[in-house]
Amino acid sequence: MIPTPFEYVAPTTLDEALAALAEHGDEAKVIAGGQSLLPVLRMRLNAPEVVVDLGGIPALRGIRDDGDAIVIGAMTTHHDVHHDPLVHEHAALLAKAEEHLADAQVRHRGTFGGALAHADPAGDLGAPVLALGAEFVVAGPSGSRTVAGSDFFVGLFETAIAEGELLVEVRVPKHTGWGAHYEKFVRVAHQWPIVAVAVAVRTEGGTIAEARVGLTNMGSTPLRAHSVEEALAGRPVTEDAVREAAALAAEGTNPPSDLNGQADYRRHLAGVLTRRAVLAAAGA
Amino acid sequence: MTRIEVTVDGSKVTDDVEPRMLLVQYLRETLGKTGTVVGCDTSNCGACTVHLDGRSVKSCNVLAVQASGHEVTTIEGLAATGGHADGQLHPVQEAFRECHGLQCGFCTPGMIMQAVDLLNENPSPTEEDVRLGMEGNLCRCTGYHNIVKSVLHAAGGAR
Ligand SMILES: Cc1cc2nc3c(=O)[nH]c(=O)nc-3n(C[C@H](O)[C@H](O)[C@H](O)COP(=O)(O)OP(=O)(O)OC[C@H]3O[C@@H](n4cnc5c(N)ncnc54)[C@H](O)[C@@H]3O)c2cc1C
Ligand code: FES
Ligand code: FES
């Protein structure tokens, strides 16, 4: 199937894009890489009157060093994030998550910002971005504002981006020298995880000094596993110590039941995958 | 209608298209390049893979208007745009023939376009690299073994 007819607008600056959104209101839909939006339009689950393409706005693309953070433009493709040297040095967890996100063709088109704005609870980028304490820069008609990671994901396919606003970039605090791992559990190739766990750890000798743990598909939004993080701090990098902390992973989560698994199966997976991810991130 | 200007298989083309037209439709229905095929309606199978500015994409998941100002290479222009003489196959096409990398052949245009992209990025992949790099392309016939063999053959010999 093909989408229903729409008018196409191709701005070349952020201001033009915001003006187009202001003009068309809720009749307009933004397209980034189109890798989530076009399947939706083709299945006619959505039928916007106007499609505003961000693909011609160079300022939204690219990754820069900004002191204690790296800043990733919303329109930077998954492929470019995956292969970026700044990402590898300061936010290796993102490269690990990008590596197994979708397939090569989708990674060449799909964007970092588009995936986060889409806010699929099974999306692979929410948990790592949340775990690294990232902030979201959102622009609207009256200027731009910064949204904390914990406030960005509001619900199922819902974020803090309001009508008429655009996600411009994501600021990711540097985690230089931290070990990282993204453990994704799937049944078939190139698909969304049934459950996945994102972990970054800073080790000192054989001890975990600090840990950051994010969970994918364990609720309507990506989640931070704070109790696991606290339980890991100061513990040795041993199978037993990590297993004990990882057992807390499902605490406070509300995972879905669907064709791929029941909620209690997902809770079980969360513990197993957290243990594997922490041990791998710590280099054990 | 929106005016687009695209370079397809080395030739510049200009057309007025409906914004909702998919790139694969434009290639097949407007330009008659039916070498690029549609295998699914969900962007999963990879049969429609072409190169957009030198990188593989699923042309059923790109709008024709999004390709305006860019370069598209399809299976039909692969050999010629790679500098091979008229009538000569691209080395990856040759390898698929050599290693029996197809049965019905429906997935083959997409497989070859993805394999070329993979080898551009990683000229000497392991078998594992090939299996992972081709995960966005589905084949209902071969069981993949000979496809993987073909890609490794094109890379300069099985390992
Ligand atoms: C076959 C296939 C397999 C996939 N597998 C996975 C997977 O394993 N894991 C995974 O995480 N994802 C997967 N995806 C989805 C992929 O990650 C998409 O690239 C991503 O979700 C959307 O990014 P995009 O740039 O294509 O956004 P689009 O599809 O263009 O947009 C998505 C949504 O976000 C909005 N939007 C986009 N950019 C902005 C912005 N800057 N500001 C405000 N709103 C914006 C759009 O209006 C739209 O509602 C898969 C997709 C396909 C087709
Ligand atoms: S036809 Fe494009 S992915 Fe199947
Ligand atoms: S050869 Fe028939 S689908 Fe691959």
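The values are calculated or read from the model by the stated rules, or taken from the named source; none is laboratory data. If you're wondering where the values come from, they're calculated on a predicted model, not measured in any experiment. All Cβ positions, glycine included, derive from the backbone under ideal geometry; neighbour counts span all protein chains shown. Areas reflect the complete protein model, heavy atoms only, side chains present, ligands, DNA and RNA absent. Shrake-Rupley method; radii C 1.70, N 1.55, O 1.52, S 1.80 Å.
If you take every DSSP beta bridge whose two residues both sit in chain B, what share of them, in percent to the nearest 5, is antiparallel? Antiparallel bridges: around 90 percent, rounded to the nearest 5. With just the Cα atoms defining each centre, how far is segment B:1-70 from segment A:203-274? Give it in Å. Centre-to-centre distance over Cα atoms comes out at 43 Å.
Just the C-alpha atoms of chain B: what Rg/Rh do they give, with Rh taken as the Kirkwood radius? If you can, show how the numbers build up before the last one.
Details: Rg = 15.4 Å, Rh = 15.8 Å.
Radius of gyration relative to Kirkwood radius: 0.97.
Of all lysines in the structure, those lying under 26 Å Cα to Cα from A:Lys96, and not within fewer than 8 positions of it along the same chain, are A:Lys174, A:Lys184, B:Lys58. With N the number of residues in chain A, Rg(Cα) / (2.2 N^0.38 Å) evaluates to 1.01.
Summed for both chains, how many Å² of accessible area, to the nearest 100, are buried between A and B with a 1.4 Å probe? Display every interim value, and only then the final one.
Working: alone 12870 and 8310 Å², together 18670 Å².
Interface area, both chains combined: 2500 Å², rounded to the nearest 100.
Computed over the alpha-carbon pairs of segment A:129-284, the distance histogram in 5 Å steps reads 2, 10, 17, 19, 17, 15, 11, 6, 2, 1, 0 percent, short to long. Normalised Debye scattering of segment B:32-81 at q = 0.13, 0.21 Å⁻¹ gives log10 I(q)/I(0) of -0.28, -0.74, counting only Cα atoms as equal scatterers and leaving out solvent. Magnitude of the charge dipole for segment B:2-77, about its Cα centre and with charges confined to Cβ atoms of Lys, Arg (+1) and Asp, Glu (-1), is about 140 debye.
Return one number: the angle in degrees, 0 to 90 and rounded to the nearest 10, between the long axis of the Cα atoms of helix A:14-24 and the longest principal axis of the Cα atoms of chain A. Tilt relative to chain A: about 70 degrees. Where only protein heavy atoms count, and the probe is 1.4 Å, what is the accessible area per residue for segment A:179-281 in Å²? Dividing the accessible area of segment A:179-281 by its residue count gives 44 Å². Taking 22 Å as R0, compute the FRET efficiency from the Cβ-Cβ separation of A:Arg187 and B:Cys141 and round it to 0.05. Taking R0 as 22 Å, the efficiency between A:Arg187 and B:Cys141 is 0.50.
Between the Cα long axis of helix A:263-281 and the first principal axis of chain A there is an angle of about 70°, rounded to the nearest 10. When we measure straight from the Cα of B:Lys149, which aspartates and glutamates land under 13 angstrom away, once same-chain ones fewer than 8 places off are left out? List returned: B:Glu94, B:Glu98, B:Glu127, B:Glu128, B:Asp129.
Ranking A:Trp192, A:Pro173, A:Ile63 by how far each Cα lies toward the positive end of the dipole of the protein assembly as shown (charges on Cβ) leaves A:Trp192 at the top.
Shown here is the pair-distance distribution of segment B:80-154: with all Cα-Cα distances grouped in 10 Å bins from zero up to the longest one, the shares run 21, 57, 22, 1 percent.
How large is Rg over Rh for segment A:58-173, taking Rg from the Cα atoms and Rh as the Kirkwood inverse mean of 1/r across Cα pairs?
Values: Rg = 13.0 Å, Rh = 14.0 Å.
Reported Rg/Rh (Cα atoms, Kirkwood Rh): 0.93.
Under the convention that each Lys and Arg Cβ holds +1 and each Asp and Glu Cβ holds -1, the size of the dipole of the protein assembly as shown around its Cα centre is about 1080 debye.
Helical runs (DSSP H, four residues minimum) scored at -39500 (n - 2.57) apiece and divided by the length of chain B put the mean residue ellipticity at 222 nm at -7500 deg cm²/dmol. Within the accessible area of segment A:58-173, the carbon and sulfur atoms contribute 50%, probe 1.4 Å, all protein chains present.
Dipole of segment A:148-219, Cα-centred, from +1 at each Lys and Arg C-beta and -1 at each Asp and Glu C-beta, to the nearest 20 debye? Let's see the in-between values first.
Numbers: 6 positive and 8 negative charges, 76 e Å.
In total the dipole reaches around 360 debye.
The distance from the alpha carbon centre of segment A:55-131 to that of segment B:76-127 is 30 Å, rounded to a whole number.
Write down, largest first, the equivalent ellipsoid semi-axes of segment B:1-58 in whole Å, where each equals the square root of 5 times an eigenvalue of the alpha-carbon gyration tensor. Intermediate values should be presented prior to the final figure.
Working: eigenvalues 73, 39, 22 Å².
With the √(5λ) rule applied to segment B:1-58, the semi-axes are 19, 14, 10 Å.
Calculated on C-alpha atoms, the gyration radius of segment A:36-114 divided by its Kirkwood radius gives an Rg/Rh of 1.04.
Roll a 1.4 Å probe over the protein chains and send me the accessible area per residue for segment B:3-152 in Å². Present the calculation step by step, with values, prior to reporting the outcome.
Numbers: 6370 Å² over 150 residues.
For segment B:3-152, the per-residue accessible area is 42 Å².
Averaged over every viewing direction, what's the projected area of the C-alpha convex hull for segment A:193-241? Give it in nm², one decimal, please. Numbers along the way, then the final one.
On the way: hull surface 14.6 nm².
Orientation-averaged projected area of the Cα hull: 3.7 nm².
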